[in-house]
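*Asks:* Provided herewith is a single structure, encoded as structure tokens, for subsequent inquiry.
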Amino acid sequence: MSKKEQRSKLKKQERWLVYPYRLAHHPLCSKFEDHVYRIKGYKVCRGCVNLYSGFLVGIVIVPMLAVFLNINFWIAFVATNVLFLFTPLSVFLHPPRIIKDLTRFLLGIAMVTCLATIIISIVELTKGINGWALAVIFITIAIYVTSRRYFTRLRDRRNEQVCRKCEQFYHPRCEGLVSGIDRAIALESHEKGDAFSEQ
Ligand code: SF4
């Protein structure tokens, strides 16, 4: 391998070290193995992969449906909440992992319909004062913000419960945190512009 190729490979690895989704929103130890996909040997967040896949599909189909079916803000609002409803059901009912993956995919589409709901409501407001359209905007934003906060905290609490039961919990560098420490070192070096710099 030439020096140029070696440099380029190194830069790729460095970039991956500082990539925020590398940690997969979970520690990268065996206890959280079912929360990650392995892609070309790298662990990536399973939830994020499914969520962003849904988001990409939503970006393509939602605007088309909104235009061709002339969807109003009520339909967009109901569609968003129906798609979103699968998330709390999945979180509290603990279905098989494949159902959770599907739920994350639907949540990705719901994020797009959420945006579409707000845009369609704003368009409605430009035609004249419409209290319902205004209410839909506020309710949609409130549901998004509160549910995001709630589910993020819940995930953190559940992660912590797994860690507390783990035999490595009191180890200064447990299997799951080694990657986190490596990433922190990479970030620090990246900011300093030394070995991990992309210069
Ligand atoms: S304490 Fe155990 S479960 Fe938690 S991150 Fe470390 S190795 Fe994983």
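Each reported figure results from applying straightforward, stated rules to the coordinates on display, with no laboratory input. Note that the structure is a prediction, hence the values are computed from the model and not measured. Neighbour counts are summed over all protein chains in view; Cβ atoms, including those assigned to glycine, are modelled from backbone coordinates with ideal geometry.
*Asks:* Output the relative contact order of the range 30-167, whole-number percent, from Cα pairs under 8 angstrom with separation of 6+ residues.
*Replies:* This gives 26 percent for the range 30-167.
*Asks:* Then there is this: Assuming R0 = 45 Å, what is the FRET efficiency of ASN72 and ARG164, from their Cβ-Cβ distance, to the nearest 0.05?
*Replies:* Once rounded, the FRET efficiency stands at 0.40.
*Asks:* Test of understanding: ordering ILE143, ILE98, ILE109 by Cβ neighbours within 10 Å, fewest first, what list do you get?
*Replies:* ILE98, ILE143, ILE109
*Asks:* Please list, by residue number, every one of the GluC sites (Glu not before Pro) in the range 147-178 that is coil in DSSP and has at most 15 other beta-carbon atoms within 10 Å.
*Replies:* GLU167
*Asks:* State the volume of the convex hull built on the alpha-carbon positions of the range 30-167, expressed per residue in Å³ and rounded to an integer.
*Replies:* 114 Å³
*Asks:* At a Förster radius of 25 Å, what calculated FRET efficiency corresponds to the Cβ-Cβ distance of PHE92 and ILE122, to the nearest 0.05?
*Replies:* E between PHE92 and ILE122, to the nearest 0.05, is 0.15.
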